[in-house]
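Data first, discussion second: the structure below is written as structure tokens.
The values are calculated or read from the model by the stated rules, or taken from the named source; none is laboratory data. Everything numeric here is computed off the predicted structure, so don't read it as measured data. A quick note on method: Cβ atoms are made from the backbone with ideal geometry, for glycine too, and the neighbour counts reach across all protein chains shown.
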Ligand code: 5GP
């Protein structure tokens with residue numbers, strides 16, 4: 001079986017996670033790596049440019065709660081008043097196939113996945129300076145001032161809570177951030193716990 005990795009990428013809203021993950025996927029494809037990007041389910045509204053089933057599975061509260069009750073989610077969280085969760089079945093299938101499984105989820109979700117799978121690797125993505133977050137969030141122009149302020153407050157809490165993450169990835173340029181994540185993948189593959197079978201001679 002290939003050496004699959006459960007890779008959690010968290011970071012405050014506005015850190016550029018979406019862009020970094022999109023470029024990471026291009027690189028993984030170029031490297032012929034088997035990967036799966038977990039598509040989350042959410043009750044939040046669909047932003048312009050998003051597609052149902054690609055960006056997220058957009059759903060309503062009742063359906064989300066029904067899936068949760070059936071234990072169909074690996075983790076879930078309420079963020080900015082909306083539900084977000086990771087569908088269990090496709091992720092479990094990708095683990096079994098030994099793929100690199102990418103999770104773009106918040107710190108709460110990252111913690112829940114790590115409790116469930118202690119071998120999961122956690123990366124916290126940040127911009128070079130905190131002040132850039134606010135600038136990027138306003139630049140999107142898609143949300144009310146209240147929601148933006150709330151996202152910034154959440155980001156402060158996330159910075160404080162990120163200390164138990166394994167790696168900090170700085171999104172100075174997208175390419176540099178992607179190279180740092182690829183370096184993490186390579187280092188994790190070399191860990192004793194993953195390579196121990198090679199020592200039984
Ligand atoms: P956004 O509304 O900007 O797309 O996402 C808001 C936050 O929710 C981001 O930090 C994102 O990583 C997180 N998020 C997205 N999907 C999930 C999920 O399935 N579970 C959890 N816990 N967080 C998620």
Problem - Residues that are in a helix (DSSP H, G or I) and either away from the ligand (no atom under 16 Å from the Cβ) or surrounded by 19 or more Cβ atoms within 10 Å (Cβ to Cβ) (or both), drawn from segment 113-131 - result: 113, 114, 131
Exercise for the section: Confirm whether residue 17 is under 24 Å from residue 182 (Cβ atoms), surrounded by 12 or more Cβ atoms within 10 Å (Cβ to Cβ) and modelled with pLDDT of 95 or more. Expected result: no
Exercise for the section: Please verify whether segment 5-17 includes one or more residues that are part of a strand (DSSP E or B), under 25 Å from residue 142 (Cα atoms) and under 18 Å from the mean Cα position of the chain (by Cα). Expected result: yes
Handout entry: Qualifying residue in segment 73-90 (condition: loosely packed, with under 15 Cβ neighbours inside 10 Å and assigned to a strand (DSSP E or B))
Key = yes
Problem - Selected residue (criterion: nearest to the chain's Cα centre (by Cα)) from residues of segment 91-107 that are within 9 Å of the ligand (Cβ to nearest atom) and either farther than 23 Å from residue 186 by Cβ or in a strand (DSSP E or B) (or both) - result: 104
Completion exercise
Of (1) assigned to a loop (DSSP other than H, G, I, E, B); (2) touching a helix residue (DSSP H, G or I) at 6+ places or on another chain (Cβ under 9 Å); (3) within 14 Å of the ligand (Cβ to nearest atom), residue 48 fails just (2)
Practice task
Please list, ordered by first then second residue, the pairs with beta carbon atoms under 6 Å, 6 or more apart or interchain, first in segment 34-53 and more than 19 Å from residue 72 (Cα to Cα), second in a loop (DSSP other than H, G, I, E, B) and within 12 Å of the ligand (Cβ to nearest atom).
Solution key: 47/142
